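To start, the structure under review is shown below, and the notes come after it.
The values are calculated or read from the model by the stated rules, or taken from the named source; none is laboratory data. Quick caveat: nothing in here was measured; it's all calculated off a predicted structure. Here the Cβ positions follow ideal geometry from the backbone for every residue, glycine too, while neighbour counts run over all protein chains shown.
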């Protein structure tokens, strides 16, 4: 028999190493994100402000710097981290569910549904909160519709019918968005729609987080509890059932969790593509496909990546560059580099 | 042998008047047999005769078109996936699973033994390693499954079925993608498992395998011919040269001589 190419301990240390580096990077990126921007804060001052907050509570008359750290950049960084983490987690879950690494959280129409909801909200000049609620509801409705349609079609590969229903209903929602844009007032509404579709973390407030955080936590719970069992969805359905898994029920729980997370993200900051597709993929290159190892790291790296993107977007130019543009522009070279590095090591 | 031998409470698998197939296509009708605990059943038949469909029906993955498949006193359709998986281990024809390493795939068999939210622990890892050990595959534990050869993958899938601690194994052409040496190894492994009390139901394209594994008093062979006719009986009575010639539609003179080999590893 052949010798194993990797000794047992290698995997464990490698995973630990990857996690350590990821946690360290997350902390560094968040600190840098707090310091840089239109109103730069020196590292010493930043530490002093954070220390004062922790040890003596909020001050009666906050300084300019304190306001920037706790009321503007703080919520924004937390929001970006949550969105990046949620999209990466949802993407990882969907890629496993569909046994396809090219799947993104949009596969079941959650983004197109949310987009139509938000765009309609803008078109009807609703207040911001209502636009967010419509985006969230739109995302959930789209996925529910797609799931319902695929469940009606029996006797075929359920994964295939889900994907096909997702594609056709997704394009229907897309034409709804296009129609709304076509009818929208080109001076006020159309720029707002375009801006929303590119995504932005600029408007995130503490109140937004108070709503979004519990939703995301609740959505993450099934994915977290099922983090090992989800692995079995990567097997052909017959095999998973023969191993004792109730495949339809497990699949539904994953869809519900991943959909809620994606819908909450899109409602919070608009459409941010790419993260949900490529971050899980990158994490898989680093630690393998085993989902209980993959999930926490996907959240960590997805969140860090999103904070980094947003920080760059708001500090390299006079105007803010939307994250939807920067994710691909920065992520693509990073991903290609990672792919080359991993494949070279395997040879 | 296994350090975690489960109690021997293997239920009996009873098939009566079974018709298998898909909504618009019937493949095989009127299958009746009983598989006693600890016995072996060989399923022979040309390509496309419905062997895999029979496995899917026995495992409760496909409902019977008519007739019944009972495990113990209950129809397989009435068992939960989870309880059924504790008794029946399935080894499909070689599949490919990307990005998982061997031990992770074998550990998946613990799904039927663990609570829905649990991760496999040390005991599960030990059982999985033990199963790999039984197939001489322990050295492959940390290799990526997709990097293995077809034969090695087949052995891993058998290890996975063992790791569920099921006492009835259903193996769909376990030797199909194996070379001569691995084929011998697989057949020896199966007869060793049978000696330890595991019930073996397997399909094969080689009648020799039926003679080799199913020559005991409780053992049986089932043949399905091209047009779906079924015959069940003891291997020696069923696999006469004339019957084999008819089953595979070849002249009797071209058949090799099959022996009741009882050599074991």
**Message:** If a residue must be touching a residue at least 12 places away in the same chain (Cβ under 8 Å) and closer than 15 Å to residue B:193 by Cα, how many such residues does the stretch B:131-155 contain?
**Reply:** 6
**Complete:** Checked against (1) within 29 Å of residue B:104 (Cβ to Cβ); (2) touching a helix residue (DSSP H, G or I) at 6+ places or on another chain (Cβ under 6 Å), residue A:309 satisfies every condition except (1)
**Wholly within the stretch A:1-100, helices (runs of 4 or more DSSP H) carrying at least 3 residues that are modelled with pLDDT under 90, surrounded by fewer than 15 Cβ atoms within 10 Å (Cβ to Cβ) and more than 14 Å from every other protein chain (Cβ to nearest Cβ)** = A:43-56
**Prompt:** Quick one: what pairs do we get from the stretch A:107-125, first residue at positive phi, second assigned to a helix (DSSP H, G or I), C-beta under 7 Å, 6+ apart or different chains?
**Reply:** A:109/A:142; A:109/A:143; A:109/A:146; A:109/A:166; A:109/A:169; A:109/A:170; A:109/A:173
**Fill in**
Scanning the stretch B:128-148 residue by residue, those facing chain A (nearest Cβ under 10 Å), at negative phi and not in a helix (DSSP H, G or I) turn out to be B:137, B:141, B:142, B:143, B:144, B:148
**Item:** strands (runs of 3 or more DSSP E) fully within the stretch B:1-116 counting 2 or more residues that are modelled with pLDDT of 90 or more, away from every other protein chain (no Cβ under 14 Å) and within 15 Å of the chain's Cα centre (by Cα)
**Value:** B:40-44
**Message:** Residues that are crowded, with 23+ Cβ neighbours inside 10 Å and within 10 Å of chain A (Cβ to nearest Cβ): does the stretch B:149-157 have at least one?
**Reply:** yes
**Item:** Yes/no for residue B:221 being crowded, with 22+ Cβ neighbours inside 10 Å, in a loop (DSSP other than H, G, I, E, B) and away from chain A (no Cβ under 14 Å)
**Value:** no
**Item:** Filter result (buried (at least 17 other Cβ atoms within 10 Å of the Cβ) and more than 18 Å from residue A:292 (Cα to Cα)) within the stretch B:117-127
**Value:** B:127
